[in-house]
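A short worksheet on the structure shown next.
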Amino acid sequence: MTASKLYLIPTPLGAYTPSDVLPAPVLAQVRSLRLFFVEELRTARRFLSAAGWKGHIEELELLELNEHTPQEQIEAYAARLGTQDAGLISEAGLPAVADPGARLVELAHGKGVEVVPMVGPSSLMLALMASGLNGQCFAFTGYLPAKTPARREAIAALERTSARLNQSQIMIETPYRNDALLADLTAICRPATRLCIAADITCPDELIRTKSIGQWQKEIKKGFVIGKRPCVFVVLAG
């Protein structure tokens with residue numbers, strides 16, 4: 001095990017001052033680091049400035065790591081691990097969960113670098129907590145297929161798994177496809193199956209509602225839409 005560590009640093013889910021959301025020890029650790037692997041440079045600069053580096057961002061080394069970063073570049077980044085403490089920052093929420101930073105964490109373990117997860121908000125866990133659905137047995141399935149036929153097949157399979165295991169199924173979607181996913185969920189799932197829609201979690205216009213598919217069908221007929229905002233879907237078969 002090397003002396004240097006890789007800290008997994010959460011960020012707020014909404015436009016919050018970091019001190020309103022993150023514990024003081026997390027912010028103290030942020031202020032002690034000089035090397036950060038970040039999903040998006042502009043967002044990371046804004047977060048780091050608000051977290052205590054205002055006016056000193058140029059003193060930091062920020063290396064971009066996102067879904068477009070090739071594996072050989074990530075391996076080059078990993079070569080920096082073990083030489084100094086570093087931080088991994090996601091666009092929002094927890095790094096390495098539904099996040100490309102997981103590839104760097106895997107390489108860190110291979111190099112014997114200690115990985116330190118830090119406390120912060122997770123939209124997935126907050127949605128599950130607030131859903132009222134099964135929090136003892138659940139699975140995160142990430143993104144479903146983009147095209148309607150394949151997405152509907154995936155939904156049917158997830159509902160069968162949910163019924164067999166009494167397992168909550170957690171999924172996310174690109175914001176502009178939220179309502180397409182909702183339409184397919186209400187078209188494919190049984191009326192008694194329950195669905196939690198958790199949008200803009202922790203933000204002023206937060207929406208968290210759990211209803212049966214039959215009830216959601218009525219809401220859609222009355223004009224309900226999610227819109228283009230971050231959203232987590234939780235399904236539990238009825």
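The values are calculated or read from the model by the stated rules, or taken from the named source; none is laboratory data. No experiment lies behind these values; they were computed from the predicted model shown. Glycine also receives a Cβ, built like all others from the backbone with ideal geometry; neighbour counts cover every protein chain displayed.
When 198, 156 are checked against the criterion of being touching a helix residue (DSSP H, G or I) at 6+ places or on another chain (Cβ under 9 Å), loosely packed, with under 15 Cβ neighbours inside 10 Å and small (Gly, Ala, Ser), a single residue qualifies: 156. Residue pairs whose Cβ atoms lie under 7 Å apart, sitting 6 or more positions apart in sequence or on different chains, and linking a residue in the range 102-120 that is farther than 13 Å from residue 88 by Cβ to a partner that is among the small types (Gly, Ala, Ser), are 111/78; 111/82. Could you give every pair whose Cβ atoms fall below 7 Å, whose first residue belongs to the range 217-230 and is assigned by TED's automatic domain parsing to the domain that holds residue 181, and whose second residue is exposed (fewer than 14 other Cβ atoms within 10 Å of the Cβ), counting only separations of at least 6 or pairs across chains? Every condition considered, the pairs that remain are 228/176. Step by step: first the residues of the range 64-80, then only those that are within 27 Å of residue 13 (Cβ to Cβ) and in contact with a Leu (Cβ under 7 Å, 6 or more places away or on another chain), then the one that is surrounded by the most Cβ atoms within 10 Å (Cβ to Cβ). Which residue is that? Only one residue tops the list, namely 65.
Applying the condition of being over 18 Å from the mean Cα position of the chain (by Cα) and in a helix (DSSP H, G or I) to the range 116-153 and asking which residue is surrounded by the fewest Cβ atoms within 10 Å (Cβ to Cβ) yields 149.
Just need a number here: residues in the range 1-15 that are surrounded by fewer than 16 Cβ atoms within 10 Å (Cβ to Cβ) and under 19 Å from the mean Cα position of the chain (by Cα). Result for the range 1-15: 1.
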